[in-house]
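Trainee: Handing you a structure now.
The values are calculated or read from the model by the stated rules, or taken from the named source; none is laboratory data. Note that the structure is predicted; figures quoted are calculated from it, not measured. Cβ placement follows ideal geometry from the backbone for every residue including glycine, while neighbour counts extend to all protein chains displayed.
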Amino acid sequence: MKNKIVADILYQIADLLDVKGDIFFKTRAYRMAAQSIETLDEDIEIVSKENRLRLIPGVGEALSKKIKEIVETDRLEYFEKLKKEIPRGVIDLLDIPGLGPKKISLLYRHLSITNISDLKKACDGGKLRDLEGFGEISEKNILRGIALREKTSGRVLLNVAYENGNNYIKYLKQCKKIEKISIAGSLRRMKETIGDLDILTSSDTPDEVIEYFVRYPNVNNVLLKGNTKTSVSLNNDIQVDLRVVEKKSFGAALQYFTGSKEHNVKMRSMASKKGLKLNEYGLFDKKTDKYLVGRTEKEVYNKLDLTYIEPELRENRGEIETAIKGELPNIVKHGDIKGDLHVHSRWSDGTDTLENIVNYAKKLGYEYVGIADHSQSLKIAHGLTEKRIDDKIKEIDDLNKKLEGVKVFCSTECDIKPDGALDYNNRVLKKLDFVCIGIHSSFKMNKNEATKRIVKGMENEHVDFLAHPTCRIIGRREPLQLDMEKIFDTAIETDTYLEINSFPDRLDLNDTNSKFAKERGVKFVIGTDSHNISHLPYMHFGIANARRGWLEKDDILNTISLKNLEKKFGCDL
DNA sequence: GCCGTTTTCGGCCCGACTGTTTTCAGTCG
């Protein structure tokens, strides 16, 4: 599957052409095609072989030839030529806030700046101010942008953004001048990492709201301040943008500021084709400029002949086309989850007793909780020997006799060894209510070996689900090289559920993998991988991730009742 | 570079804010 390789090259070409100063619409065409291919539900090699490339939205005559060349030769002459014209480091400058292609091109052509370190030196030396369009303030802003990038790498994990956003909202709700308020942006779409926080409010007195907003105690710096919008950075370097609109524009503004950008571009161009104009103030008649709707998002979508689209779906991955047909899935809701089947206790490397876990699970309204501790070879995590498994089974049996309203299942997160063998033999696995398996070492295998390893694990008759299938850790460990189609097909053949791990730095499977897997017929389980009861609420992020993958309630094992789950696991009733 | 029940050529989403400018280009979302 070369979809990602092709998309990456097209994205890089777009950046290079931007810096070269090519027309905006051309570079946008490259990006649109790249996005189509990135989210394509088919293997680009097959599409290319069957001469169907031009059926991909945004791919025309020129791009189809280039894509074919990449698929067949793993390289593209045109791209190689471009790379020779513009040094790699120049493109990296695009990551610095405040610098776009035009300015970077000036820096490159006039000051021969080809990387961030050169740029820093030039700013320190006051070299930029003589350049047209730059001044002393630009130098300071660029230096601040570079420092910020070095400190934060630009994005934070979903849980960090979620907590910061909710705290800010709590503060803002005390402001009497604010009528309506909502999180917007990528946090509302629950993307796995967040660049900055967007908050939308409605009010008749925007200036007073903005004054209140910038007085938030955690604000470190006010980055910009206008009549309707302002941006601040917090003490932890997270940037927060506020926008204030009138009540009658709140829905249109929320739709607009929730994004994604690609989703919005398509929405606006759809509106335009219908003789309408969509902006953050509402949906208008293009000719008369008459306001039509804008109070709620639903009004806006419906007026454009679409059913309402949930924020998590708004990535231009086919949701608009599906909404036109009225065929959007009824995606899983946060209240649909009946229990957590991936929790570690003090029996291995968790920090809480079974009682603590059960009490917290009850508080969350769960009907069941599965204690999946590490297996014997994971000594560092205090993995259980067979003898200790027997002791744990006994403790759980005794506990279940006392419990009302919630049941504890005894399980394991059994290690899959490098050769694909499981860390317990079948005699041990058989004793457990269900079996979860996962990889915890030797991450650097080649694609073929790693795929074989997981497939062999799933083929064991006692295995129920595969934990964190790709083993990625966001920002720290790349996903395993895997033949995902083979993994998905094996999951279906062996009736193995694939986990959507809710831990904020895992979120594994991710949204695009889940969507692809669902289309093939895979079933899922959402687990938290909790090692402390404070991790149990991470379920929220796993569900959000499943929603982003278009999953419905029926796709997910732990939405079923305790009774049905016991039947499924073949437990004594 | 793509695309077409307004068009095979001339469009391509739209607005706020900043910094450097004398009326606006660049960036951002």
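Trainee: So A:ASP352 ticks every box in (1) assigned to a loop (DSSP other than H, G, I, E, B); (2) modelled with pLDDT of 95 or more; (3) assigned by TED's automatic domain parsing to the domain that holds A:LEU551 but one. Which box is left unticked?
Mentor: It fails just one condition, (2).
Trainee: Give region A:439-462 a look and list any residue that's among the small types (Gly, Ala, Ser), closer than 18 Å to A:THR412 by Cβ and buried (at least 21 other Cβ atoms within 10 Å of the Cβ), or say none.
Mentor: Let us first name the residues in region A:439-462 that are among the small types (Gly, Ala, Ser), namely A:441-442, A:450, A:457.
Restricting the remaining residues to those that are closer than 18 Å to A:THR412 by Cβ gives A:441, A:457.
A:GLY457, the sole residue that qualifies.
Trainee: How many residues does region A:399-416 contain that are in contact with a strand residue (DSSP E or B) (Cβ under 8 Å, 6 or more places away or on another chain) and without any contact (Cβ under 8 Å) to a residue 24 or more places away in the chain?
Mentor: Residues meeting the conditions: 1.
Trainee: Related question: Return only the number of the condition from (1) within 26 Å of A:SER260 (Cα to Cα); (2) touching a helix residue (DSSP H, G or I) at 6+ places or on another chain (Cβ under 7 Å); (3) loosely packed, with under 15 Cβ neighbours inside 10 Å that A:GLU163 does not satisfy.
Mentor: Going through (1) within 26 Å of A:SER260 (Cα to Cα); (2) touching a helix residue (DSSP H, G or I) at 6+ places or on another chain (Cβ under 7 Å); (3) loosely packed, with under 15 Cβ neighbours inside 10 Å one by one, A:GLU163 breaks only (2).
To keep it simple, each residue is scored yes or no on (1) within 11 Å of DNA strand B (Cβ to nearest atom); (2) among the hydroxyl-bearing types (Ser, Thr, Tyr); (3) modelled with pLDDT of 95 or more; (4) over 23 Å from the mean Cα position of the chain (by Cα).
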| position | (1), (2), (3), (4) |
| --- | --- |
| A:LEU200 | yes, no, yes, no |
| A:GLU211 | no, no, no, yes |
| A:ASN221 | no, no, no, yes |
| A:SER231 | yes, yes, no, yes |
| A:ILE238 | no, no, no, no |
| A:PHE250 | no, no, yes, yes |
| A:TYR256 | yes, yes, no, no |
| A:GLU262 | yes, no, no, no |
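Trainee: Between A:GLU80, A:GLU72, which is assigned to a helix (DSSP H, G or I), free of Cβ contacts under 8 Å to residues at least 60 places away in the same chain and within 15 Å of DNA strand B (Cβ to nearest atom)?
Mentor: A:GLU80
Trainee: Give just the number: which of (1) surrounded by fewer than 17 Cβ atoms within 10 Å (Cβ to Cβ); (2) among the β-branched types (Val, Ile, Thr); (3) in contact (Cβ under 8 Å) with a residue 40 or more places away in the chain does A:ILE169 not satisfy?
Mentor: (3)
Trainee: Related question: Could you check region A:105-117 and list, in sequence order, the residues that are away from DNA strand B (no atom under 11 Å from the Cβ) and part of a helix (DSSP H, G or I)?
Mentor: Passing the criteria: A:TYR108, A:ARG109, A:HIS110, A:LEU111, A:ILE116, A:SER117.
Trainee: A:ASP419 - would you say it is at pLDDT below 95 and part of a strand (DSSP E or B)?
Mentor: When the stated conditions are applied, A:ASP419 does not pass them.
Trainee: Here is a follow-up. Taking region A:456-501 only, how many residues are over 27 Å from A:ARG155 (Cα atoms) and charged (D, E, K, R)?
Mentor: 10
Trainee: Now for a separate question. Tell me the residue from A:LEU306, A:LEU364 that is of a type in the set (A, V, I, L, M, F, W, C) and surrounded by 19 or more Cβ atoms within 10 Å (Cβ to Cβ), please.
Mentor: A:LEU306
Trainee: State all residues of region A:276-295 that are part of a loop (DSSP other than H, G, I, E, B) and either touching a Lys or Arg at 6+ places or on another chain (Cβ under 7 Å) or modelled with pLDDT of 95 or more (or both); if no residue qualifies, say none.
Mentor: A:LYS286, A:GLY294, A:ARG295, listed by residue number.
Trainee: Something else: Return the residues of region A:154-198 that are hydrophobic (A, V, I, L, M, F, W, C) and away from DNA strand B (no atom under 16 Å from the Cβ); say none if nothing qualifies.
Mentor: A:LEU157, A:LEU158, A:VAL160, A:ILE169, A:LEU172, A:CYS175, A:ILE178, A:ILE181
Trainee: What's the number of the only condition in (1) part of a loop (DSSP other than H, G, I, E, B); (2) away from DNA strand B (no atom under 11 Å from the Cβ) that A:GLY133 fails to meet?
Mentor: (2)
Trainee: While we're on this one: Give me the residue from region A:326-337 that is in contact with a Ser or Thr (Cβ under 6 Å, 6 or more places away or on another chain) and not aliphatic (A, V, I, L, M) and, out of that set, surrounded by the most Cβ atoms within 10 Å (Cβ to Cβ).
Mentor: Among those that are in contact with a Ser or Thr (Cβ under 6 Å, 6 or more places away or on another chain) and not aliphatic (A, V, I, L, M), it is A:ASP336.
Trainee: State whether the residues of region A:145-159 include one that is closer than 30 Å to A:SER203 by Cα and part of a helix (DSSP H, G or I).
Mentor: Checked region A:145-159: at least one residue is closer than 30 Å to A:SER203 by Cα and part of a helix (DSSP H, G or I).
Trainee: Taking region A:504-523, which residues are of a type outside the set (Lys, Arg) and out of contact with any Phe, Trp or Tyr (no Cβ under 6 Å at 6 or more places or on another chain)?
Mentor: Within region A:504-523, A:ASP505, A:LEU507, A:ASP508, A:LEU509, A:ASN510, A:ASP511, A:THR512, A:ASN513, A:SER514, A:PHE516, A:GLU519, A:GLY521 meet the criteria.
Trainee: If you don't mind, another one. Look through region A:463-478, keep the residues that are buried (at least 18 other Cβ atoms within 10 Å of the Cβ) and not hydrophobic (A, V, I, L, M, F, W, C), and return whichever of them is nearest to A:LEU341 (Cα to Cα).
Mentor: It comes out as A:ASP464.
Trainee: Something else now. List the number of the failed condition for A:VAL47; all other conditions in (1) under 29 Å from the mean Cα position of the chain (by Cα); (2) among the hydrophobic types (A, V, I, L, M, F, W, C); (3) within 13 Å of DNA strand B (Cβ to nearest atom) hold.
Mentor: (3)
Trainee: Then there's this: Could you list all residues from region A:83-104 that are within 15 Å of DNA strand B (Cβ to nearest atom), at pLDDT 85 or above and surrounded by fewer than 17 Cβ atoms within 10 Å (Cβ to Cβ)?
Mentor: A:GLU85, A:ASP92, A:LEU94, A:GLY100, A:LYS102
Trainee: Do you know which residues across region A:186-216 are without any contact (Cβ under 8 Å) to a residue 24 or more places away in the chain and of a type outside the set (Val, Ile, Thr)?
Mentor: To start, the set of residues in region A:186-216 that are without any contact (Cβ under 8 Å) to a residue 24 or more places away in the chain comprises A:207, A:211, A:214-215.
A:ASP207, A:GLU211, A:ARG215, listed by residue number.
Trainee: If A:LYS120 passes every condition in (1) within 12 Å of DNA strand B (Cβ to nearest atom); (2) more than 28 Å from the chain's Cα centre (by Cα); (3) surrounded by 15 or more Cβ atoms within 10 Å (Cβ to Cβ); (4) not β-branched (Val, Ile, Thr) but one, which one does it miss?
Mentor: (1)
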